[in-house]
Amino acid sequence: MIDVKNLRKEFKKTIKEPGLKGSFKSLFKPQTKRVVAVDDISFEVPKGEILGFIGPNGAGKSTVIKMLTGILTPTSGKCEINGKNPTENRKSYVREIGVVFGQRTQLWWDLPLRETYSVLKEIYEVPDDRFKSRMSFLNEVLELDDFITSPVRTLSLGQRMRADIAASLLHSPKVLFLDEPTIGLDVVVKENIRNAIEHINKQEKTTVILTTHDLADIEALSNRIVMIDKGRNVFDGTVSELKTKYGQIRELHFETEERNAAQALCYEKLFGGNIGGLTLEQEGKAVKARFDSSVVPVSEMLAYTLSRINVTDISVRDADIEEIIRRLYQQGVSE
Amino acid sequence: MKQIKRAFKIHRIFVVQELKRMMEYKGDFIVGIIGFLLAQISNLLFLWIIFTKVPSLMGWSLNEVVFIYGFSLVPKGIDHLFFDNLWAVGHYIVRKGDFDRYLTRPINTLFHVMAEKLQIDAFGELLTGVALIIVTLPQLSVEWSVLKVILALISVPFATLIYTGIKTCTASVAFWSKRSGSIIYMFYMTNEFAKYPATIYNTVVRNIITYVIPFALTSYFPALYILKGENPLFNIGMTVLAGSALMALGAVIWHFGTRAYESAGS
Amino acid sequence: MRRAAKIYFPFINAGMQEVATYRVNWIFYILGNVMSCFVSYFIWKAVYSSGGGENLEGFTLPDMIVYIFLMFLTSTIIGSDASYVVGEEVRDGSIVMRLIKPVSYNGTFLFQELGNKLLTEIMLLVPLVVGVEAVRAALMGGIQFNPLSFLIYLVSCVLAYLINFFFNICFGFLAFVVKYLWGANLMKACVVGFLSGTIIPLAFLPKPLEAVFLLLPFASLNYTPVMIYIGRYSGLTLLYYLGLQLFWALAFWGLSKFLWRVSVKHLTVQGG
């Protein structure tokens, strides 16, 4: 379905020295350097999959998405959807895709929302009857009815996002790109949006490529993750594979009367020199210790903790994916 | 043919949307139209005062000068009315990354950008232009023929393309330099020379506005043919040629520009 | 004074950096604006060669040429973007941010723009004055430059700039009424252009009209400095026109203060 192979993108960047002198200098002798935003990315996505596409800031996520959506022309490599290529025939390529950029809107700002859909209908040449049934489907899934007659500029962020998703789905694309679709939204609205995405994916077998900083989105939606860093693939697999591969992180939760548990426990002794990933948070009685079970097994950790202080309500949990990824980001995934 | 039909349909839809938008900000648009009207009126006052001091300007009567002036406003106004969004490309659409939106749609990006906005202010120019032509024509002894009417009507869209082509060429620079508003402005302002008979300028200026940035072809030369019936092959032919060539050049630069487009942000 | 200097220096500096960064753009804009000067130049040349006589309303062709380019120079020197800036801030609501800074509202604008102008002015003033004087010397035979007139011209320009700046601030507050100031700004530019003699010297207008226009603040913008430069005003007349400029500067300063106070009330009532 989607086939990305050895994708690469370089930019030319002007270097400006700081201050007034710098701006003058760059005026007369602008210095440029080559920046490799995307070095070498490859992956394939089968039909109907929801792919979580993640990576730290500056990893090249947006650049890849922009190449896949026909916005940027790759320096080299290929990206194809059903054999169609955005550089060769952009117009027919973009008919197959829908795009939502969380930070930008494609709605007509000053007009009632309904007008946006009637313009897009013409742009994508959606026939009248198809448009009608499509609108009622989108209405049902994304609950647009409450605000479809309001000018776009008066919509709340959550409404705008629903409206944007509907706009990107109007022409029944085979692939939906969602770039930060839940950014800035509150928990309830996030949940609504996730449900809608899931519903559409199930019902229409729409392939979804999702980039997000909120890993709860990924956990809720994706079967598969592609993680990139510094413009290269670093992980490609399912969520559970990610957990088993990198996820030896466990969380120890307990309550104690001890005011300063960290001092009393002194886990550094137990872990010796290898304390990677060890954190300890205390809030009143509740303590949360996070540790790498490949360094110190859970049983040892439990025994040690119980031997040092009095605890109640002790439990061990799997770390969530967010924790794993945060740790990977910190260490630098490419090592 | 089907494509052209579709283009017209989409364009009509954009125009309708723009008109709806305008109804929301009626006052602003009226103020804009009056602004452009006033700009023309102050220039006309200038001409009128001058002609109280001299009987003719290098052999051109007040009526002839005003006709040329009025004629120049028509293609300028049409371009201004329909294709003004090109300025926004040079000012911010590319720099802020808003161009992304156009690239994800299955229609030609240049067409999309141009069709999307309607600059109603332009009626200030268009109305003045048409009014001046209507007022001055009966007072000028013009010999009309069918051919002349046809050629005169043909010259207007191609004169418009001279404006649009120059704007497209210069706006496209933004794909490489991020902003090109000042470059569009510099070239666009050369149209000031087009408002008056080209014979008042020296040879250098005349050659520039005929062959390099050919704004004289948008008014003076067509008007010369209409008024005096001289040399239609050059006076109208060059306008048609220059309009098509500049628009084609603009489209080519634009096409390569969209490939060099770098979007914005990370 | 030193405190003020310290507070406002960052604004001047920021303004200067802006210009340095966008200097190429600025040059293109100037070149675009200069086009209409050349058009006027050719029109006047045609007028004088079309048998209008050597002297029209006290202007010979060399006078007129000098007038055109000085008008351009003066409008650039005294130009102010304040109405756009204020209009934009009113529209997007960021004007509220000016309320929470412990510096005068007008002051921040003024100094930012001054920093911006300081550089552009020097880059423009020297070549243009040299150019105008060269043309004058060539056309009239012998150097005409009068250092005293030039100095008074500069003083007059400063006054004109202040009038223009405060006038534009007042104008920008219109954005509370009209959403987009674009059309209104254009109207303003046309009216000001005509009334300030930029399009045609006021001396060419019918005498009663000229007398009225000379009293209006717009003549104090471009016309007065240019007339001073080319030595049309001297003695008491000179003092009278400088006094008039000062009067208008103070009047618009007062009006801008008043409007600011009104809009602060408006903002605090509306909650921004």
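Tell me which residues, restricted to segment A:38-59, are modelled with pLDDT under 90 and in contact with a strand residue (DSSP E or B) (Cβ under 9 Å, 6 or more places away or on another chain).
A:I54, A:G55, A:P56, A:G58, A:A59
Counting only residues that are assigned to a helix (DSSP H, G or I) and buried (at least 22 other Cβ atoms within 10 Å of the Cβ), which one in segment C:174-184 is nearest to the other protein chains (Cβ to nearest Cβ)?
C:G183
Is it true that some residue in segment A:305-315 is assigned to a helix (DSSP H, G or I) and either touching a strand residue (DSSP E or B) at 6+ places or on another chain (Cβ under 7 Å) or touching a residue at least 40 places away in the same chain (Cβ under 8 Å) (or both)?
Yes, the conditions are met somewhere in segment A:305-315.
In the list B:S141, B:S172, B:S155, B:S177, which residue meets the criterion of being more than 14 Å from chain C (Cβ to nearest Cβ), surrounded by fewer than 20 Cβ atoms within 10 Å (Cβ to Cβ) and of a type in the set (S, T, N, Q)?
Of B:S141, B:S172, B:S155, B:S177, the one residue that is more than 14 Å from chain C (Cβ to nearest Cβ), surrounded by fewer than 20 Cβ atoms within 10 Å (Cβ to Cβ) and of a type in the set (S, T, N, Q) is B:S141.
Condition (residue is of a type outside the set (A, V, I, L, M), within 12 Å of chain C (Cβ to nearest Cβ) and either surrounded by fewer than 24 Cβ atoms within 10 Å (Cβ to Cβ) or on the phi < 0 side of the Ramachandran plot (or both)) applied to segment B:215-237: is it met by at least one residue?
yes
Collect the residues in segment C:34-76 that are within 16 Å of C:E121 (Cα to Cα) and buried (at least 17 other Cβ atoms within 10 Å of the Cβ), keeping them in residue-number order.
Once the filter is applied, which keeps residues that are within 16 Å of C:E121 (Cα to Cα) and buried (at least 17 other Cβ atoms within 10 Å of the Cβ), segment C:34-76 yields C:F69, C:L70, C:M71, C:F72, C:L73, C:T74, C:S75, C:T76.
Return the residue satisfying two criteria in turn: it lies in segment C:210-242 and is polar (S, T, N, Q) and assigned to a loop (DSSP other than H, G, I, E, B), and of such residues it is surrounded by the fewest Cβ atoms within 10 Å (Cβ to Cβ).
C:S234
How many of the residues in segment B:222-249 are among the charged types (D, E, K, R) and touching a helix residue (DSSP H, G or I) at 6+ places or on another chain (Cβ under 7 Å)?
Here the count works out to 1.
Taking B:I33 as meeting all but one of (1) under 18 Å from the mean Cα position of the chain (by Cα); (2) more than 11 Å from every other protein chain (Cβ to nearest Cβ); (3) β-branched (V, I, T), write down the number of the exception.
Against the list (1) under 18 Å from the mean Cα position of the chain (by Cα); (2) more than 11 Å from every other protein chain (Cβ to nearest Cβ); (3) β-branched (V, I, T), B:I33 comes up short only on (2).
Restricting attention to segment B:191-209, which residues are within 8 Å of chain C (Cβ to nearest Cβ) and in a helix (DSSP H, G or I)?
B:E192, B:F193, B:K195, B:I200, B:V205
Within segment A:64-95, work out how many residues are more than 9 Å from every other protein chain (Cβ to nearest Cβ), touching a residue at least 40 places away in the same chain (Cβ under 8 Å) and either buried (at least 16 other Cβ atoms within 10 Å of the Cβ) or among the basic types (K, R) (or both).
Number of matching residues: 10.
Which condition from (1) touching a Cys at 6+ places or on another chain (Cβ under 6 Å); (2) surrounded by fewer than 14 Cβ atoms within 10 Å (Cβ to Cβ) is the one that B:L38 breaks?
Going through the list (1) touching a Cys at 6+ places or on another chain (Cβ under 6 Å); (2) surrounded by fewer than 14 Cβ atoms within 10 Å (Cβ to Cβ), B:L38 breaks only (2).
Might you let me know whether segment B:147-166 holds any residue that is touching a Lys or Arg at 6+ places or on another chain (Cβ under 7 Å) and in a helix (DSSP H, G or I)?
For segment B:147-166, residues touching a Lys or Arg at 6+ places or on another chain (Cβ under 7 Å) and in a helix (DSSP H, G or I): present.
Quick test of your reading of the structure: B:Y102 fulfils all but one of (1) crowded, with 19+ Cβ neighbours inside 10 Å; (2) part of a loop (DSSP other than H, G, I, E, B); (3) free of Cβ contacts under 8 Å to residues at least 60 places away in the same chain. Name the failing condition by number.
For B:Y102, the failing item is (2).
The values are calculated or read from the model by the stated rules, or taken from the named source; none is laboratory data. Keep in mind the model is a prediction, meaning the values are calculated, not measured. Note that each Cβ is placed from the backbone with ideal geometry, even for glycine, and that neighbours are counted across all protein chains shown.
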